[in-house]
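Visitor: Take a look at this one; I'll ask things after.
No value in this document is a laboratory result; all are computed from the given coordinates. Just so you know, these numbers come straight off a predicted model, no measurement behind them. Cβ placement follows ideal geometry from the backbone for every residue including glycine, while neighbour counts extend to all protein chains displayed.
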């Protein structure tokens with residue numbers, strides 16, 4: 001039934017909720033009860049003064065009666081239901097539910113988003129525990145020291161009449177190992193201790209840079225324009241939580257940002273993005289700049305108006321992430337190997353060739369994403385040294401309705417069955433969806 005024909009049903013539901021009789025409401029707005037009955041059963045169109053009067057008596061906005069619940073709330077409700085198919089939610093009644101109970105609807109949507117965020121956190125933690133070499137080293141150090149202390153202690157306990165010199169030597173070994181154990185334990189605790197407001201500690205300079213960008217924003221107004229208000233050093237100077245390595249990476253990122261801002265001024269970029277529907281290749285051709293520069297600039301474009309949410313990923317020739325700007329539905333492992341079906345990694349095997357693909361991650365509610373990727377040589381090219389490549393991938397959230405390539409995060413936590421790119425079995429159950437690995 002078209003949405004405009006549901007206005008009467010919304011009036012009836014609201015009237016019953018407020019325990020107002022049909023004749024009483026009709027009298028308040030100056031129409032007959034029979035006419036109101038026809039309206040409530042969607043047999044008469046309604047608008048103008050009568051609709052305004054009924055909305056006033058029912059204490060609702062006219063738009064809620066005329067158009068139903070806000071579209072974003074409805075879409076979020078339906079996305080929440082799609083992510084929990086086994087719950088059997090009555091999706092055909094979502095509009096009525098959102099209109100009658102907007103507060104409860106908001107609560108459901110909020111809980112669904114919270115669950116999605118927690119699932120994302122679990123995925124990241126699982127990835128870290130599986131692949132993080134720093135964690136593996138820290139745990140190995142603790143276990144090694146504990147084993148050494150136990151061995152020395154067993155010698156002391158099981159050896160009667162041990163020479164005093166040897167006893168002193170073993171005691172010194174235990175003392176030294178206990179100090180090592182204390183240091184290793186403190187380092188491991190600091191490594192795992194995450195501030196409550198950050199959702200995770202930065203364990204490397206790369207992750208320090210990601211946190212720095214999350215806090216300061218990927219769009220830096222102070223570096224835009226021909227006469228910037230700030231320099232990269234001034235921005236980094238007062239930043240907290242950056243080690244020496246993190247500061248170096250932040251300075252390098254801000255320096256690249258400034259160079260890109262000079263090559264592609266913000267006003268030109270914003271207008272070209274609108275005129276050319278955010279097509280990086282068309283924008284690069286129109287502005288006569290390299291494609292990779294446009295990819296980075298679009299990722300730094302302020303979100304709002306006609307500009308969609310945009311993510312970015314940069315990796316080196318080994319596939320290790322150098323930079324990640326995540327958006328909803330787009331996530332890559334910061335440690336360990338990612339899904340090779342992402343265009344980011346496929347670009348490494350075809351340097352210089354632009355790659356475009358529409359992808360979607362596992363989950364019924366995962367959005368469709370348009371990815372643009374290219375790999376280019378870094379630094380000067382020489383006959384005496386092999387080229388070093390890095391790949392850059394732009395991720396746009398408003399993908400067109402075309403066949404999407406299913407991709408994962410990493411094999412260990414990807415539930416998709418029969419994937420041609422799978423390296424190891426998944427710890428998750430297989431869903432009843434089509435396998436990935438298609439074209």
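Visitor: Give the peptides 283-296, 209-222 in descending order of average Cβ contacts within 10 Å, highest first.
Guide: Details: 283-296: 19.1, 209-222: 16.7.
Going by the mean number of other Cβ atoms within 10 Å, highest first, we get 283-296, 209-222.
Visitor: Also, I was wondering about something else. Full extension from residue 142 to residue 204: what is 0.36 nm times the residue separation minus their Cα-Cα distance, to one decimal in nm? Don't jump to the answer; show the numbers that get you there.
Guide: On the way: separation 62, 0.36 × 62 = 22.32 nm, distance 2.03 nm.
Extra length from residue 142 to residue 204 when fully extended: 20.3 nm.
Visitor: With r defined as the distance between the Cβ atoms of residue 237 and residue 50 and R0 fixed at 51 Å, what FRET efficiency is calculated, to the nearest 0.05?
Guide: Values: r = 64 Å, r/R0 = 1.25.
The calculated FRET efficiency here is 0.20.
Visitor: Further question: Order these peptides, 402-415, 336-349, 266-279, 160-173, by their mean beta-carbon neighbour count within 10 angstrom, highest first. Before the final figure, lay out the partial values.
Guide: Values: 402-415: 19.4, 336-349: 21.4, 266-279: 16.4, 160-173: 10.9.
In decreasing order of mean packing, 402-415, 336-349, 266-279, 160-173 become 336-349, 402-415, 266-279, 160-173.
Visitor: Now for a different question. Can you list the equivalent-ellipsoid semi-axes of region 6-62, largest first and in whole Å, using the square root of 5 times each Cα gyration tensor eigenvalue? Each step should come with its number before you reach the end.
Guide: Details: eigenvalues 35, 31, 28 Å².
So the three semi-axes of region 6-62 are 13, 12, 12 Å.
Visitor: Can you give me the three principal axis dimensions of region 308-439 from its C-alpha atoms, in Å, biggest first?
Guide: For region 308-439, the Cα spread along each principal axis is 52, 35, 24 Å.
Visitor: Residue separation times 0.36 nm, minus the C-alpha to C-alpha distance between residue 163 and residue 61: what's the value?
Guide: Values: separation 102, 0.36 × 102 = 36.72 nm, distance 9.16 nm.
Between residue 163 and residue 61, full extension yields 27.6 nm more.
Visitor: Going by C-beta contacts inside 10 Å, put 49, 325 in order with the fewest on the left.
Guide: Values: 49 9, 325 19.
With the fewest neighbours first, 49, 325 line up as 49, 325.
Visitor: Same structure again: Between residue 172 and residue 229, what is 0.36 nm times their sequence separation minus the Cα-Cα distance? Round to one decimal in nm. Mind dumping the intermediate values first?
Guide: Numbers: separation 57, 0.36 × 57 = 20.52 nm, distance 5.96 nm.
Working it through step by step, the gained length comes to 14.6 nm.
Visitor: For an R0 of 56 angstrom, estimate the FRET efficiency from the Cβ-Cβ distance between residue 271 and residue 17 and round to the nearest 0.05.
Guide: Values: r = 49 Å, r/R0 = 0.87.
Between residue 271 and residue 17 the formula returns 0.70.
Visitor: Let me ask something else about it. To one decimal place, what orientation-averaged projected area in nm² is obtained for the convex hull of the Cα set of region 288-345? Present the calculation step by step, with values, prior to reporting the outcome.
Guide: Numbers: hull surface 19.9 nm².
The directionally averaged projection comes out at 5.0 nm².
Visitor: Also: Report Rg (one decimal) and Dmax (nearest whole number) for region 352-414, counting Cα atoms only, units Å.
Guide: Using the Cα atoms of region 352-414, the pair Rg, Dmax is 15.8, 50 Å.
Visitor: What FRET efficiency, computed as 1/(1 + (r/R0)^6) with R0 = 25 Å and r the Cβ-Cβ distance, is obtained for residue 182 and residue 322, rounded to the nearest 0.05?
Guide: Numbers: r = 35 Å, r/R0 = 1.40.
After rounding to 0.05, the efficiency reads 0.10.
Visitor: Between residue 309 and residue 401, with labels modelled 7 Å along Cα→Cβ, what's the label distance in nm to one decimal, could you check?
Guide: 2.2 nm
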